[in-house]
Amino acid sequence: MGNQIGEDTIPVRPDERFDEARLAEYLRGQLPGTEHPLRVRQFGGGAANLTYLLDYGQVQYVLRRPPLGPIPPGAHDMAREYKVLSVLHRAYPLAPRAFLFCDDPEVLGAPFLIMERRRGIVVRKTMPPAFAGFPDAPARMSEALVDALADLHSVDYQAIGLGDLGRPQGFIQRQIQGWWRRWQAAKLEDVPAMDWVHAWLQEHQPPEGPASLVHNDYKLDNVLFDPGDPGRIRAVFDWDMCTLGDPLSDLGALLAYWIQPQDPPHFQALAMMPVQEGFLSREELVARYAARSGRDVAHIRFYHALSLFRVAVIVAQIFIRYHRGQTRDRRFAVFGPLIPLVAKAAQDVAEGN
């Protein structure tokens with residue numbers, strides 16, 4: 001979602017502007033403070049949904065909308081994010097509260113939601129200067145991240161009205177087949193490791209356990225830390241893919257994005273987190289999650305492999321857009337050679353290497 005500290009806002013990018021007067025007119029009187037003049041800035045971080053700061057002087061809000069251009073079915077679902085965030089804060093205080101959802105294209109040109117603003121620090125590829133005085137910051141951040149995930153998975157989703165958010169039965173099978181279909185659509189050449197991992201996942205599905213809310217994109221740069229305490233999370237962001245399903249899929253995703261200093265260089269190149277000593281190892285993350293949640297993590301290798309399989313497909317989806325000229329971002333030129341390497345990592349995890 002991008003950092004939520006004031007210094008991280010930027011003037012709205014020219015191609016991501018909208019009619020601010022039209023928005024101000026629409027919001028006037030619907031939320032406290034909206035009778036005052038509106039100033040709009042943009043959060044510069046993040047690479048998908050567009051996030052803006054609505055500054056009314058005495059009060060501030062955050063606006064979220066999908067990225068520009070065609071949107072894949074089911075992706076960047078602002079209605080889903082609003083449904084979750086309009087109630088989840090009651091049971092899970094780390095979820096920012098959403099106040100309003102609008103799907104009238106006349107207002108902004110896309111569906112959007114308005115939510116509360118939280119302040120803090122998002123940690124991306126480098127350790128923030130604010131944490132320089134905390135030598136144990138990586139360990140404290142790791143622990144807070146795992147604890148917040150376990151706490152999310154303990155929420156009684158029925159009690160807050162989210163019992164119809166998804167279909168938990170068959171969740172993992174649908175994940176395997178869904179990512180396999182996306183792979184077939186995105187691959188430019190055969191990658192034997194992807195075929196192997198797909199077959200292995202089919203054969204090694206664990207028994208279905210109790211369902212929970214699943215964030216579906218839980219990683220270090222989707223949480224907001226207290227600037228004065230790296231062990232305290234102030235918010236968890238990016239709920240547009242939240243559903244009901246197998247909670248261990250969230251833990252597997254966290255492991256797939258978790259980079260350790262001893263990982264191979266090509267893996268470190270994908271890192272969206274600081275690669276340094278002091279963070280918990282993947283094994284330590286799993287052990288802490290098991291202790292806090294009480295869940296059986298005996299099959300975590302399956303979920304880790306599934307999540308790496310998913311990362312390989314996401315890399316392929318980005319690379320084929322670059323290959324076709326749909327994006328000219330030179331950063332994506334190196335993604336092609338990464339696909340077989342991530343696929344091999346998924347196979348290594350599956351084989352227990």
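Each value in this text was obtained by applying a stated rule to the coordinates, not by laboratory testing. Just so you know, these numbers come straight off a predicted model, no measurement behind them. Please note: Cβ atoms are built from the backbone with ideal geometry, for glycine as well, and neighbour counts cover all protein chains shown.
Round to the nearest 0.05 the FRET efficiency obtained for Gln260 and Arg39 when R0 = 25 Å and r is the Cβ-Cβ distance.
So, using R0 = 25 Å, E works out to roughly 0.05.
Shape call for region 6-116 from the C-alpha gyration tensor, a ≥ b ≥ c root eigenvalues: rounded (a/c under 1.5), prolate (a/b greater than b/c) or oblate? Mind showing how you got there, number by number?
Values: a/c = 1.31, a/b = 1.05, b/c = 1.26.
In terms of gyration-tensor shape, rounded.
Just need the relative contact order of region 6-116 here, percent rounded to a whole number, with Cα pairs under 8 Å and 6+ apart.
It comes to 22 percent, rounded to a whole number.
Taking only Cα atoms and a 10 Å spring cutoff, compute GNM fluctuations for the chain and point out the largest among Lys83, Lys187, Lys219.
Among Lys83, Lys187, Lys219, the largest mean-square fluctuation in the Gaussian network model of the chain belongs to Lys187.
HN-Hα J couplings of region 227-240 from phi, Karplus 6.51/-1.76/1.60, θ = phi - 60°, integer Hz, Gly and Pro as x?
With coefficients 6.51, -1.76 and 1.60, one gets x, x, 7, x, x, 10, 8, 9, 6, 10, 10, 6, 9, 6 Hz.
Which order do Asp226, Asp15 fall in if you start with the one that has the fewest other Cβ atoms within 10 Å?
On the way: Asp226 16, Asp15 6.
Listing Asp226, Asp15 from fewest to most nearby Cβ atoms yields Asp15, Asp226.
For Lys344, give me every one of the lysines with a C-alpha distance below 18 angstrom, ignoring sequence neighbours fewer than eight places off in its own chain.
Lys187
Which longest run of the chain has no exposed loop site in it, a site being GluC sites (Glu not before Pro) in a DSSP loop with at most 15 other beta carbons within 10 Å, and the site itself not part of the run?
Working: sites that count: Glu35, Glu189, Glu208, Glu277, Glu351.
It runs 36-188.
Calculated from DSSP H runs of 4 or more alone, at -39500 (n - 2.57) each and per residue, what is the 222 nm mean residue ellipticity of the chain, nearest 500?
-11500 deg cm²/dmol
I'd like the FRET efficiency for Gln173 and Val297, computed as 1/(1 + (r/R0)^6) with the beta carbon distance as r and R0 of 30 Å, rounded to 0.05.
Once rounded, the FRET efficiency stands at 0.90.
Rounded, prolate or oblate: pick one for region 133-284, where a ≥ b ≥ c are the square roots of the eigenvalues of its C-alpha gyration tensor, a/c under 1.5 means rounded, and failing that, prolate if a/b is larger than b/c, else oblate.
Details: a/c = 2.19, a/b = 1.18, b/c = 1.86.
It comes out oblate by the Cα gyration axes.
What does the charge add up to near Asp156, with Lys and Arg as +1, Asp and Glu as -1, over the other residues with Cβ less than 15 Å from its Cβ? Present the calculation step by step, with values, prior to reporting the outcome.
Working: positive: Arg90; negative: Asp151, Asp164.
Residues close to Asp156 contribute a combined charge of -1.
For each of Tyr82, Tyr92, count neighbouring Cβ atoms within 10 Å of the residue's Cβ, then give the residues from fewest to most.
Tyr92, Tyr82
Straight-line reach only, C-alpha to C-alpha below 15 angstrom: list the aspartates and glutamates that Lys83 could link to, leaving out same-chain residues fewer than 8 apart.
In chain and number order, the partners are Asp103, Glu116, Asp164, Asp238, Asp240.
For Leu145, Leu68, which order do you get if you count the other beta carbons within 10 Å of each Cβ and list the fewest first?
If I rank by nearby Cβ atoms, fewest first, I get Leu68, Leu145.
Averaging sequence separations of C-alpha pairs under 8 Å and six or more residues apart, then dividing by the length of the chain, give the relative contact order as a whole percent.
17
How large is log10 I(q)/I(0) at q = 0.09 Å⁻¹ when the Debye formula is applied to the Cα atoms of the chain, each weighted equally and without solvent?
These q points yield log10 I(q)/I(0) values of -0.51.
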